[in-house]
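Colleague: Please read through the structure below; I'll follow up with questions.
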Amino acid sequence: MNERDEFLVGGMAPVRCDCGNRVLVKKNSPQHTSVQWLSDTSSCPELCGPRSAFVPTCLRLRDSIEKAVRDGTLEVADG
């Protein structure tokens, strides 16, 4: 992996959202989460559904990331 790729995806772990989207995630601290989408966000009902103007993020994805931390499949670097 070259330096640019290491910067972009180094330390990231795959997480699958309950809505089916796949992302790479890195938790640098309990408050800071980096997300790299691997699939098209147009299939996300929260980001592109009828309520999308009221929802600035995918709450299902946030729940999936928190579950991955609890399950130990995603480490928090500072925690």
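Colleague: When only C-alpha pairs under 8 Å and at least 6 residues apart count, what is the relative contact order of region 3-71, in percent?
Modeller: 27
Colleague: I'd like the Karplus ³J(HN,Hα) series for region 30-42: coefficients 6.51, -1.76, 1.60, θ = phi - 60°, whole numbers in Hz, and an x wherever there's a Gly or Pro.
Modeller: Coupling constants for region 30-42: x, 8, 10, 10, 9, 10, 10, 5, 9, 10, 5, 6, 5 Hz.
Colleague: Could I have the simple spin-label model distance between Cys48 and Ser29, label points 7 Å from Cα toward Cβ, reported in nm to one decimal?
Modeller: For Cys48 paired with Ser29, the spin-label model returns 3.4 nm.
Colleague: Can you list residues whose amide H is under 5 Å from Ser39's amide H, if they're 5+ apart or on another chain and H is modeled 1.01 Å from N?
Modeller: HN-HN under 5 Å from Ser39: Arg22.
Colleague: What fraction, in whole percent, of alpha-carbon pairs in region 3-71 exceed 15 Å separation?
Modeller: Here the long-distance tail beyond 15 Å is 54 percent of all Cα pairs in region 3-71.
Colleague: Also, quick follow-up: Tabulate in residue order the Karplus-calculated ³J(HN,Hα) for region 68-77, using 6.51 cos²θ - 1.76 cosθ + 1.60 with θ = phi - 60°, rounded to whole Hz; enter x for Gly and Pro.
Modeller: 4, 5, 4, 6, x, 8, 9, 8, 9, 4
Colleague: If you don't mind, there's one more thing I want to ask. Let's see if you can work this out: charge +1 on each Lys and Arg Cβ, -1 on each Asp and Glu Cβ, no other charges. What is the dipole magnitude of region 3-71 about its Cα centre, in debye to the nearest 20?
Modeller: For this selection, approximately 180 debye.
FYI, it's all coordinate maths here, none of it is from the lab. On a predicted model such as this, the values are computed, not experimentally measured, just so you know. Positions of Cβ are generated from backbone atoms using ideal geometry, with glycine treated the same way; all protein chains shown enter the neighbour counts.
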